Amino acid sequence: MTTSRSIHRLRSGVSTWVLAVAIAGVAQQAWGQTVATTEWRHGTTLSGFLGAASASSDTEVAFGGAVGWELTPHFTVEGRGIWLDAGPRADAFAALLGARIPILPARPVVPFVSGGVGVYRATFDQALSEVPGFYQRRMMSGASEFRGRTFNDFAVALGAGADIFLARHVALRPDVTVLIVTTRSDKRAVPVYGVQLAYHFESHPITPAGRPIAGAHDPR
């Protein structure tokens, strides 16, 4: 049952990813009809994520999405949700709010660092011996198994990556994020790594004066 659930999640994530790549291809063709520029403008970003996480002793599938608000060339506020298959009969979800700080934002490849805070929710439905020690230590001593248990913990996220622009509005965003899940007396690191496909919505896209759009009809 666990295997089929993981396969279903992987298929769903891959289907979403394929659709996003198709959209990127269309955007790439449309880019030929606009001005290829890296000029920064205020805007909003929307992205989908597919990757993996080391939430247990094994590497599991991770996927999610994010929305960002580009306030300045070097500061973006971002909300992000990440779903993780945390192991046999276990699930996890992280909801984060933080900032992405681009470095050298005027270039086609824009490296960045990121940080944020939020909630990490983990649910287990398995024998106690299969639960990571971070959670075992908070359960009743002497219990060998249980029907289910959910934990909501404070989490800090630290990450780095880069926007690789495929078109004026579309970018691939490989990144690595470490979720540091904490309690008052303990902490646990959950590395998450993968690739996002991001679309940049400009608040006021314009064509600079003197630079005609490729393929546009010249009335003269």
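Points worth noting:
- Selection within region 90-132 - modelled with pLDDT of 90 or more and hydroxyl-bearing (Ser, Thr, Tyr): 114, 120
- Number of positions in region 168-207 that are at pLDDT 95 or above and outside any strand (DSSP E or B): 0
- Residue match in region 71-84 (condition: at pLDDT 95 or above, in a strand (DSSP E or B) and surrounded by fewer than 15 Cβ atoms within 10 Å (Cβ to Cβ)): yes
- Residue satisfying all of: in region 133-148; more than 26 Å from residue 177 (Cα to Cα) and surrounded by 12 or more Cβ atoms within 10 Å (Cβ to Cβ); modelled with the lowest pLDDT among these: 146
The values are calculated or read from the model by the stated rules, or taken from the named source; none is laboratory data. Computed from a prediction, not measured in an experiment: that's the story for all the values here. Cβ sites come from the backbone with ideal geometry, for glycine too, and all protein chains shown count toward neighbours.
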